[in-house]
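Since every read-out is calculated from the coordinates, none of them should be taken as a lab result. Computed from a prediction, not measured in an experiment: that's the story for all the values here. Quick reminder, even Gly has a Cβ in these numbers, built from the backbone with ideal geometry, and neighbours come from all protein chains shown.
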Amino acid sequence: MLTVGDKFPEYDLTACVDLDADKAFAQINHKSYEGKWRVVFF
């Protein structure tokens, strides 16, 4: 379990990134949005 201040582990996964059905899913990893906040849920 992660707590405040812990580093999130590296990941490589398929994510829902758009509402348009043609470009709804993309492959992302821990460097895709470097420097930005991310929300990860499953």
Need the list of aspartates and glutamates near Lys31 for cross-linking: C-alpha distance under 14 angstrom, and skip anything on the same chain fewer than eight residues off. Glu10, Asp12
Could you state the orientation-averaged shadow area of the convex hull built on the Cα atoms of the chain, in nm² to one decimal? 3.7 nm²
Quick calc: nm separation of the 7 Å Cα→Cβ label points for Leu13 and Val40 -> 0.7 nm
